[in-house]
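In what follows, a single structure is set out as structure tokens and then discussed.
The values are calculated or read from the model by the stated rules, or taken from the named source; none is laboratory data. Just so it is clear, the structure is predicted and the values come from calculations on it, not from any experiment. Here the Cβ positions follow ideal geometry from the backbone for every residue, glycine too, while neighbour counts run over all protein chains shown. Note: areas computed on protein heavy atoms with side chains; ligands, DNA, RNA excluded. Shrake-Rupley method; radii C 1.70, N 1.55, O 1.52, S 1.80 Å.
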Amino acid sequence: MKIRTIKELLDARLIAGEDFLDNEVLYACGSDLMSDVLAFVKEQTVLLTGLNNPQVIRTAEMLDVSAIVFVRGKTPSPEIIQMALERDIVLLSTDHTLFEACGKLYEGGLRGR
Amino acid sequence: MTESANNEDLVMVQTYEIEAGNFTLAGEAASNIKKLLRQLGIDAKIVRKVSIAAYEAELNMVIHSLGGIMRLEITPKEIVLKARDDGPGIEDIELAMQEGYSTATELARELGFGAGMGLPNIKRCSDKLHLQSKLGQGTYLEARFFL
């Protein structure tokens, strides 16, 4: 699924990474536990999370995660946005809850593994 | 202490100082390791595995230790990640290797870590893991990734 489609399905706001909206992601993962994300996530994944700190970007970087969706309208700090820009990671923000956002992507055909 | 890469085979060595309790910097060493391995043209799957292990090891040192040194050794045959800290050491290594067992602080948990997945994940990512620790002295971790 294209990141652009994820943005549309979640009525999400683009925060960073406009140039990469046409990149494809193969899987999705919804979690606030970066420990779990580090243990299970594959590359070309979109990460949905309610966590909003620099370690989310670090975690995404190590795993080659292509895009991060912050749920419940959370907006990352300029420092976090800068980190994402330097790492070519797309940042999106949606007003949906983690559960609803995951449900919408699942309905759209995206799977976890 | 343990088998070390033959000096003649060493292509590159990098060391990184890890500061205890500094969650803002946590991940900087792993990030640099990832960039370096990419520049060297190492296979992307291996880069990913080394990066994840390095990040977990770095986080462990930031969360649990009094600080330490992470060292990356690259030879034509393997990548070796060595993490040595100044304590306080692991009381029960077998327990620490169990998924879900953690002694992490509340702050680490708030940041999304401390779920007891770190060491098991390093083991999963590496081809060979050696861990030794002595209470009051420190911990030495050595993870090898075959090329």
With criteria (1) touching a helix residue (DSSP H, G or I) at 6+ places or on another chain (Cβ under 6 Å); (2) in a helix (DSSP H, G or I), B:ALA143 comes up short on (2)
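Just to check your reading of the model, which residue among B:ILE79, B:ILE52 is in contact (Cβ under 8 Å) with a residue 60 or more places away in the chain, open to solvent by less than 70 Å² (accessible area, probe 1.4 Å), within 15 Å of the chain's Cα centre (by Cα) and at the interface with another protein chain (Cβ under 9 Å from one of its Cβ atoms)?
Details: B:ILE79 fails: at the interface with another protein chain (Cβ under 9 Å from one of its Cβ atoms).
Residue meeting the stated conditions: B:ILE52.
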Which condition breaks for B:LYS45 when tested against (1) within 12 Å of another protein chain (Cβ to nearest Cβ); (2) of a type outside the set (A, V, I, L, M, F, W, C); (3) open to solvent by less than 60 Å² (accessible area, probe 1.4 Å)?
(3)
Checking B:TYR16 against (1) at pLDDT below 95; (2) of a type outside the set (A, V, I, L, M, F, W, C); (3) open to solvent by less than 70 Å² (accessible area, probe 1.4 Å); (4) on the phi < 0 side of the Ramachandran plot, only one condition comes out false. Which one?
(1)
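Surrounded by 23 or more Cβ atoms within 10 Å (Cβ to Cβ), farther than 22 Å from B:SER51 by Cα, touching a strand residue (DSSP E or B) at 6+ places or on another chain (Cβ under 6 Å) and not aromatic (Phe, Trp, Tyr): which single residue out of A:VAL90, A:VAL69, A:VAL65 fits that description?
Working: A:VAL90 fails: farther than 22 Å from B:SER51 by Cα; A:VAL65 fails: farther than 22 Å from B:SER51 by Cα.
Exactly one of A:VAL90, A:VAL69, A:VAL65 is surrounded by 23 or more Cβ atoms within 10 Å (Cβ to Cβ), farther than 22 Å from B:SER51 by Cα, touching a strand residue (DSSP E or B) at 6+ places or on another chain (Cβ under 6 Å) and not aromatic (Phe, Trp, Tyr), namely A:VAL69.
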Report whether or not B:LEU107 is part of a helix (DSSP H, G or I) and open to solvent by 30 Å² or more (accessible area, probe 1.4 Å).
yes
Can you tell me which residue among B:GLU91, B:GLU73 is over 24 Å from A:LEU51 (Cα atoms), open to solvent by 70 Å² or more (accessible area, probe 1.4 Å) and touching a residue at least 12 places away in the same chain (Cβ under 8 Å)?
B:GLU91
Unmet requirement for B:CYS125, which otherwise passes all of (1) over 16 Å from B:ALA20 (Cβ atoms); (2) open to solvent by less than 30 Å² (accessible area, probe 1.4 Å); (3) out of contact with any helix residue (DSSP H, G or I) (no Cβ under 6 Å at 6 or more places or on another chain)
(3)
A:THR75 versus (1) within 24 Å of B:ARG109 (Cβ to Cβ); (2) in a helix (DSSP H, G or I); (3) open to solvent by 30 Å² or more (accessible area, probe 1.4 Å): which is the lone unmet condition?
(2)
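Taking the stretch A:44-60 as the search range and keeping residues that are under 12 Å from the mean Cα position of the chain (by Cα) and open to solvent by 20 Å² or more (accessible area, probe 1.4 Å), which one is modelled with the lowest pLDDT?
Let us first name the residues in the stretch A:44-60 that are under 12 Å from the mean Cα position of the chain (by Cα), namely A:44-52, A:56-57, A:59-60.
Imposing the further condition that a residue be open to solvent by 20 Å² or more (accessible area, probe 1.4 Å) reduces the set to A:44, A:51-52.
On the way: A:GLN44: 91, A:LEU51: 95, A:ASN52: 94.
Within the stretch A:44-60, the match that is modelled with the lowest pLDDT is A:GLN44.
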For residues in the stretch B:55-66 being closer than 14 Å to A:SER35 by Cβ and over 12 Å from the mean Cα position of the chain (by Cα), which is most open to solvent (accessible area, probe 1.4 Å)?
B:HIS64
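Tell me which residues, restricted to the stretch B:103-138, are at negative phi and facing chain A (nearest Cβ under 8 Å). Spell out the reasoning first.
As a first pass, look at the stretch B:103-138 and keep what is at negative phi: B:103-111, B:113, B:115, B:117-135, B:137.
B:LEU111, B:PHE113, B:ALA115, B:MET117, B:GLY118, B:PRO120, B:ASN121, B:ARG124, listed by residue number.
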Can we say A:LEU51 is assigned to a helix (DSSP H, G or I), of a type outside the set (D, E, K, R) and within 11 Å of chain B (Cβ to nearest Cβ)?
no
